[in-house]
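Q: Structure provided below as structure tokens; questions to follow.
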Amino acid sequence: MGSAGLARLNGLFAAYKPPGLKWKHLRDTVELQLLKGLNAGKPPAPEQRVRFLLGPVEGSEEKELTLRATAVPTLIDHPLVRGPAFTSLKVGVGHRLDAQASGVLVLGVGHGCRLLTDMYNAHLTKDYTVRGLLGKATDDFCEDGRLVEKTTFDHVTREKLDRILAVIQGSHQKALVMYSNLDLQTQEAYEMAVRGVIRPMNKSPMLITGIRCLQFAPPEFLLEVQCMHETQKQLRRLVHEIGLELRSSAVCTQVRRTRDGFFTLDDALLRTQWDLHGIQDAIQAAAPRVAAELEKSLRPGLATQPLLGPGRSWDSEGPSSTLGQEGHVGH
């Protein structure tokens, strides 16, 4: 299994990260399971070497000993002598999820770690389902955080929520055009807009390309958010600010990533599938799609000029408010 099994491990695959599990723990678990599978294969037959050993003389009735050429196995490559054949494996993680969040987490093995960089540079969108709870606010925007205030929510309706979501999407779409650094009067920009591939080619604040309400049953509501350059904390803050816009308050009870670029929940391996054969099959199944999607996203003609100025940090979280993109994109 050794070398042949390792050759089938170069690529990308998706795992489902449950809530409460840190991404580093998931990565370490995957690496451990892969090493366990690679080392569990039947070792090759040991090499034979000629040794001159003492033995009785054939046909002699006397107890005479003589040196005889004998083939014996060499133990230099035996697992009990050399140890495991594989002791480490390069496993990388794509867009991370914090401990409370769950959903699709993309990992790269071996040469697949380079593809993680390509995937990052493609600035692909990600989908989340975000669950909110009206009526209270906490210090960290999570349900189990320190309670800051309680408010009423009887006046909140589905129509009011939909109007606020429409405003959010509109302001972020304007910011998306601004950060893409495109001249909207050009044919290239028009064609990119028709294909729906306008996106910044450099780091930017969180940009929401789509947001809608899937369920509304006060005090609970469920949002579907399509975005890029986000953190899960920013999504929780978004729920908090939506509550403020509704003249109430809200906390986030769940953040679940349902798509990361071209990987969806259907592609994500469950914890029981984090073994050598399951990951090998997932990498081989995803390889053609990964190559095609990355080539399409990174092909010439879609790249834009850098937008960040010399004083702008690459890991800036952008505006303090996720609702106010219009007032910040020009700065």
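The values are calculated or read from the model by the stated rules, or taken from the named source; none is laboratory data. Because the structure is predicted, anything quoted here is derived from the model rather than measured. In this analysis, Cβ positions are derived from the backbone assuming ideal geometry, glycine residues included, and neighbour counts consider all displayed protein chains. Only protein heavy atoms, including side chains, enter the accessible area calculation; ligands, DNA and RNA are left aside. Shrake-Rupley method; radii C 1.70, N 1.55, O 1.52, S 1.80 Å.
Q: Looking only at strands (runs of 3 or more DSSP E) that fall completely inside region 125-193, which ones have 3 or more residues that are crowded, with 17+ Cβ neighbours inside 10 Å and touching a helix residue (DSSP H, G or I) at 6+ places or on another chain (Cβ under 8 Å)?
A: 126-134
Q: Here's another thing I want to ask about it. Considering only residues that are open to solvent by less than 10 Å² (accessible area, probe 1.4 Å) and out of contact with any strand residue (DSSP E or B) (no Cβ under 9 Å at 6 or more places or on another chain), which ones fall in region 5-45?
A: Gly5, Leu38
Q: Taking region 228-286, which residues are in a loop (DSSP other than H, G, I, E, B) and among the β-branched types (Val, Ile, Thr)?
A: Thr231
Q: Within the set of pairs 6+ apart or on separate chains, which have a first residue in region 217-229 that is more than 15 Å from Val104 (Cα to Cα), a second that is polar (S, T, N, Q) and crowded, with 20+ Cβ neighbours inside 10 Å, and C-beta atoms under 7 Å apart?
A: Close Cβ pairs satisfying both conditions: His229/Ser204.
Q: Under 30 Å from Gly103 (Cα atoms) and loosely packed, with under 13 Cβ neighbours inside 10 Å, is that true of Thr87?
A: yes
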